[in-house]
Every structure is written in C-alpha cells, then in structure tokens.
Amino acid sequence: MSASLRISPLTSVLGARIEGVSLADSLEDATLRAIRAALIEHLVLVFPGQRLDAEQQHAFASRLGRPEPHPVTRHLGGDATIVRIDNDLIAPPDLAALPHLDHLAVHGAWHTDYTFNPEIPTFATLRAEIVPPVGGDTSWASTVEAYDTLSPRMKGWLEELEAVHWHGPHFARNFGIEKQGPEAVARFEAAFPPHRHPVVIRHPESGRRALFVNPSYTVRLEGLEPGEGEALLAFLFRHMTQPRFQLRHHWSPDDLVAWDERSTIHLAPTDFQPHRRRLIRVAVGSEAPGAA
Ligand code: SIN
C-alpha cells in the first residue's frame, strides 16, 4: 500500500474515509491498487477535501475503468461521460409520473444505476461542487450485507429467481425524448425493453453474493403470480433499505465519493430545495451482472 494512504471504516458494514492522497496527482500503481482494493472491501469510499476540476475527476475515475456515458445518452447520440447533477439545470422528477409509485413512495427511489439496461457501471464517482445549506445527503446501502443476513432457505430460493427491470415512463420525459415526438419515444422503448437480471448476483472480484433488485427499476419477479412477486419484492425492498445496511454522506465542497455499483444501491436526496446543489458524476466500466 502507498505509505501515506489512511483508510478509516465509517460503519461496520460499508464505507471508508480515505486520506493521505491527492486525486489531482497522477497516482502510483500501488496507490491505485490500494484504492481499488479498499473499494471492493468497503464498497463506498469518501475522499474529503479533493480540489479537482471535472477533467481531473474524469482522469482519476478512468484509472478505475473506462468512463461510460449513460446508456440513454448514448442512445440519443451523446457521448458525455462527465455529468452535472444540478437542480438549476434539471427539473425535479414528477413523482406522479413514476411507474412504481407504491414502492417509490414507501422505499424512496433507491437504485443501482440503470439496471433496466443489460449492463450496469462497475464504479461511479460523485464530487460536490455546490452544497446546499440544508439537506442534500446521499445514502448508500450494502446489497451484499442485505443478502448475507437472509436465512439460508430464503437465499437458496432467491438464487433461482430472475427479476424484470424497466425504466418506466419518466425516462422518456426526463431525457426530453417525449418532446421529440412519438417515433423517438417508440425508438427509445425498442432500445430499452424490460430486461431480466438474476435476483442474486455474484460480485466478480470479491466473490460475495448480493441482492440485485431495487425499488426504482425492478418491476416484477419472473415465474411468480403477480401478488406473490409483489409481496416478495416489497419484503426485499424493505429488508435492503434498513438503516443497519446504510451509509449516509453529508456533503462538503470538494468531497469525492466513489462506490461499487455491483454491491450497493443508492438514494439521491430531495430535501434541499429550493437551494442549489451541484455534483459532478463520472461512471466507469460496463458489465452484465452475473448470476450467483
Ligand atoms: C445518483 O443517483 O447517481 C445521484 C446521487 C445524488 O445526487 O446524490
């Protein structure tokens, strides 16, 4: 490990604070390996006080994997891999238009990024540029810990199941596709049909199993009656979003957080309006979650 890297766990299930490294510098391979190993072990890494611009964040993230545009951005012909999450630019989602309102109302919009797609990012990074005076925290939950705490019988049963993931109608609206007319919406729907993933996946690096459903995009379980699937999903969403599996991060300017998408879900806040909040996001890698 790099001599000066300090790794301090933030909870006993996920999250670590990393100090003693400047991500603006070109990192030695040994330091990079230590950061990557910490990411696999702790799932979410908080690097406080990193004075970076978006290009430097992109350069750091690209050491962890190839920066990837959001698949819907790519579908629309874009290739941006630096994304500004800024409530000055983005209208808040219309909750009434969201498809799985019951789950979202009860469990919040917890998600792993774009699981409606065959592939998800490997890692993602967020860096705070403008922090609101109140609220604005991001939360992560460990899906490996959520899996580990199930009974052996439930684990075995879930490992045989697949779930259908779907983006819902809000993406066509949020990405401005609706404004381009019905043909553009039809092309978008054809490009992103409902997609099946295993309910339990195996992390390709740690080998740990993780639950792979989320209240934002998982719409049903294959092979079950609708009432059965609905009840089981409601249980899983309640189980995996318990505070005991969570890390909640209160942002300061220049914080950079990196996380492993294959073993976490996260929740963006809605409690800071009308204040401004701007975070810069770079996601890297693209992989199909593998069955356990
Ligand atoms: C996201 O869901 O990736 C955004 C998280 C945030 O804005 O805190």
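Just one of I177, I201 is more than 18 Å from the chain's Cα centre (by Cα), in contact (Cβ under 8 Å) with a residue 24 or more places away in the chain and surrounded by 15 or more Cβ atoms within 10 Å (Cβ to Cβ); which is it?
Criteria check complete, one pass: I177.
When you go through A234, A210, A191 one by one, which is the residue that is surrounded by fewer than 17 Cβ atoms within 10 Å (Cβ to Cβ) and closer than 17 Å to K155 by Cα?
None of the other options fit; the residue is A234.
Checking the conditions here, which among V144, V134 is away from the ligand (no atom under 16 Å from the Cβ) and closer than 21 Å to H266 by Cβ?
Residue meeting the stated conditions: V144.
Suppose we filter I18, I40 for residues that are touching a residue at least 60 places away in the same chain (Cβ under 8 Å) and within 22 Å of the chain's Cα centre (by Cα); which single one remains?
Result of the check over I18, I40: I40.
If we scan the stretch 239-246, do we find a residue that is among the aliphatic types (A, V, I, L, M) and within 14 Å of the ligand (Cβ to nearest atom)?
No; the residues of the stretch 239-246 include none that is among the aliphatic types (A, V, I, L, M) and within 14 Å of the ligand (Cβ to nearest atom).
With a cut-off of at least 3 residues that are among the hydroxyl-bearing types (S, T, Y), name the strands (runs of 3 or more DSSP E) lying wholly within the stretch 102-207.
Passing ranges, in order: 138-142.
Yes or no: A54 buried (at least 17 other Cβ atoms within 10 Å of the Cβ), at pLDDT 95 or above and under 18 Å from S26 (Cα atoms)?
It is false that A54 is buried (at least 17 other Cβ atoms within 10 Å of the Cβ), at pLDDT 95 or above and under 18 Å from S26 (Cα atoms).
Any residue in the stretch 269-281 that is modelled with pLDDT of 95 or more, in contact with an Asp or Glu (Cβ under 7 Å, 6 or more places away or on another chain) and away from the ligand (no atom under 14 Å from the Cβ)?
no
Name every residue in the stretch 147-163 that is surrounded by fewer than 22 Cβ atoms within 10 Å (Cβ to Cβ) and among the aliphatic types (A, V, I, L, M), in order of residue number.
Those that are surrounded by fewer than 22 Cβ atoms within 10 Å (Cβ to Cβ) and among the aliphatic types (A, V, I, L, M): L150, M154, L161.
Just to check your reading of the model, which residue among L45, L64, L27, L32 is in contact with a Lys or Arg (Cβ under 7 Å, 6 or more places away or on another chain), crowded, with 20+ Cβ neighbours inside 10 Å and either hydrophobic (A, V, I, L, M, F, W, C) or in a strand (DSSP E or B) (or both)?
Of the residues listed, the single one that is in contact with a Lys or Arg (Cβ under 7 Å, 6 or more places away or on another chain), crowded, with 20+ Cβ neighbours inside 10 Å and either hydrophobic (A, V, I, L, M, F, W, C) or in a strand (DSSP E or B) (or both) is L64.
With farther than 22 Å from S12 by Cα, modelled with pLDDT of 95 or more, among the acidic types (D, E) and over 14 Å from the mean Cα position of the chain (by Cα) as the only criterion, which of E189, E160 stands out?
None of the others qualify; the one that does is E160.
Do the conditions hold for A124, that is, is it touching a helix residue (DSSP H, G or I) at 6+ places or on another chain (Cβ under 7 Å) and away from the ligand (no atom under 11 Å from the Cβ)?
No, not satisfied.
The values are calculated or read from the model by the stated rules, or taken from the named source; none is laboratory data. Since we're looking at a predicted model, the values are computed, not measured. When we count neighbours, we look across all protein chains shown, and the Cβ atoms used for this are built from the backbone with ideal geometry, even at glycine.
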